[in-house]
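Following: one structure in structure tokens, then a few remarks.
The values are calculated or read from the model by the stated rules, or taken from the named source; none is laboratory data. Not measured: the values here are computed from a predicted model. A quick note on method: Cβ atoms are made from the backbone with ideal geometry, for glycine too, and the neighbour counts reach across all protein chains shown. Ligands, DNA and RNA are stripped out before the accessible areas are found, and what is left, the full protein with its side chains, is counted by its heavy atoms. Shrake-Rupley method; radii C 1.70, N 1.55, O 1.52, S 1.80 Å.
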Amino acid sequence: MRKYWPFMLLFAMVVLPLFLGLAPNLDLGFFSYYYFLNLGFITFVFVAQAVAWNILGGYGGQISFGYSAFFGLGAYTTAVLWGMYHWPMVLTFPVAGLVGVIFAIIIGLPTFRLTGPYFSIATLGIGEAMRVLMLNINSLGGASGMNLPTTIPGKMWFYYAGLILVSGTLAVSAWVRQSKFGLALFALNMDQNAAASLGVNVALYKNLAHMLGAFIVGMSGGLYATYFQYIHPDQVFGFQASISLVLMPVIGGVGTLWGPVLGGTIYYFLEDTLLSSLPSLHLLVYGVLLVLIIVLEPNGLLGMAARVQRWWRARQKEHTVAFPDAGKGALP
């Protein structure tokens, strides 16, 4: 049964909006039909980005803080092609992903010559540099941002578009994890020098993982831009976007398949709560949370769940050894 639960969950996410759509005016105060669709779409975009980052950062062990650049470039690509050149909206998404891939190659070739914290530091300023650049390009809105066309599909369409994006991203991540490509990434994560000595092309696999993640994040940026119909450099290239892409897999369980899904889902609820209650302290809370997870449970919430499961099994085993006849009717 356990191996079927992802398909059961996917089926529920497909059917539930259709069921709720029978009563679109449903409003329980804290929950409504349109709130559910909005929550689902944004969560799917967050999760897709977390899973995409995990391919390089989790499987390959290359902690990059520059993925917000791919998200922002994807958003601006869709904004320009759809809003200014009147391309069909859907056709702009793969182009947004390709722009992310091109930029990943440009920044990957020099930065992947660095290792460990030096690579992370080198990527730290990429999103910020793009933010400053876009703030000064007046033809793309500059500091005022860009308004996109107001004629868009309904929330239901975006919900299913986000679901398709996250489902495809999970399928790609699962394939990478089981393939020779994934084996090479895990080898790089464990010891790059040893992997290189065994014939693994270190630079090639790093750049391939980087490009794959950039394509997915770029498409999610384009989808995000069309949904909100407005983008601003501070919004799509901001430092918070870079940090969130690292936090989500770390919270759930970096290097696992389902950890980024769990982390991305929890992160959106956490962000929504913090921004409304602690708007000036949310980055501090994120930093403290990251430190606590790294110190107390480096494998995230999935690692914590596995630890609890092992403890429970050990406890059950001790109980069975101490009372071997319990529940067997040994007493008269």
Q) PHE158: open to solvent by less than 60 Å² (accessible area, probe 1.4 Å), part of a helix (DSSP H, G or I) and farther than 23 Å from SER242 by Cα, yes or no? A) yes
Q: Keeping to the range 184-201, report how many residues are of a type in the set (A, V, I, L, M, F, W, C), open to solvent by less than 70 Å² (accessible area, probe 1.4 Å) and over 24 Å from the mean Cα position of the chain (by Cα).
A: 4
(Q) Among the numbered criteria (1) closer than 30 Å to PRO233 by Cβ; (2) assigned to a helix (DSSP H, G or I); (3) out of contact with any Pro (no Cβ under 7 Å at 6 or more places or on another chain), which one does ALA187 miss? (A) (1)
(Q) Against the condition open to solvent by 60 Å² or more (accessible area, probe 1.4 Å), out of contact with any Ser or Thr (no Cβ under 8 Å at 6 or more places or on another chain) and not hydroxyl-bearing (Ser, Thr, Tyr), how does ASN207 come out, does it pass? (A) no
Q. Which residue pairs have Cβ atoms under 8 Å apart, sit 6 or more places apart or on different chains, and have a first residue in the range 64-83 that is closer than 15 Å to TRP53 by Cα and without any contact (Cβ under 8 Å) to a residue 12 or more places away in the chain and a second that is among the hydroxyl-bearing types (Ser, Thr, Tyr) and in a helix (DSSP H, G or I)?
A. none
Q) Does TYR205 satisfy the condition of being out of contact with any His (no Cβ under 9 Å at 6 or more places or on another chain), of a type in the set (Ser, Thr, Tyr), in a helix (DSSP H, G or I) and within 30 Å of ARG113 (Cα to Cα)? A) yes
(Q) For the range 254-299, which positions are at pLDDT below 75, part of a helix (DSSP H, G or I) and open to solvent by less than 40 Å² (accessible area, probe 1.4 Å)? (A) GLU271, LEU274, HIS282, TYR286, GLY287, ILE293
Q: Would you check if there is a residue in the range 170-191 being assigned by TED's automatic domain parsing to the domain that holds ALA225, of a type in the set (Val, Ile, Thr) and closer than 22 Å to GLY264 by Cα?
A: yes
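For the range 232-260, give me the residue count where each residue is under 15 Å from GLY221 (Cβ atoms), of a type in the set (A, V, I, L, M) and within 11 Å of the chain's Cα centre (by Cα). Please lay out each step first, then the result.
Here is the first cut: in the range 232-260, the ones under 15 Å from GLY221 (Cβ atoms) are 232-238, 240-242, 244-245.
Those left that are additionally of a type in the set (A, V, I, L, M): 236, 241, 245.
Of the ones still in play, those that are also within 11 Å of the chain's Cα centre (by Cα) are 241, 245.
Here the count works out to 2.
Could you list, in sequence order, the residues of the range 91-115 that are within 21 Å of the chain's Cα centre (by Cα) and open to solvent by 30 Å² or more (accessible area, probe 1.4 Å)?
Residues satisfying the conditions are PRO94, VAL95, LEU98, VAL99, ILE102, PHE103, ILE105.
Could you grab me the full set of residues in the range 228-249 that are open to solvent by 20 Å² or more (accessible area, probe 1.4 Å) and assigned to a helix (DSSP H, G or I)?
Correct list: PHE228, ASP234, GLN235, PHE239, GLN240, ALA241, ILE243.
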Q.
Among the numbered criteria (1) out of contact with any Ser or Thr (no Cβ under 7 Å at 6 or more places or on another chain); (2) outside any helix (DSSP H, G or I); (3) open to solvent by less than 20 Å² (accessible area, probe 1.4 Å), which one does TYR76 miss?
A. (2)
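So, in the range 126-158, how many residues would count as being among the small types (Gly, Ala, Ser) and in contact with a Gly (Cβ under 8 Å, 6 or more places away or on another chain)? Spell out the reasoning first.
Step one: filter the range 126-158 for residues among the small types (Gly, Ala, Ser), giving 127, 129, 139, 141-145, 154.
In the following step, the residues that additionally are in contact with a Gly (Cβ under 8 Å, 6 or more places away or on another chain) were identified as 127.
Final tally of qualifying residues: 1.
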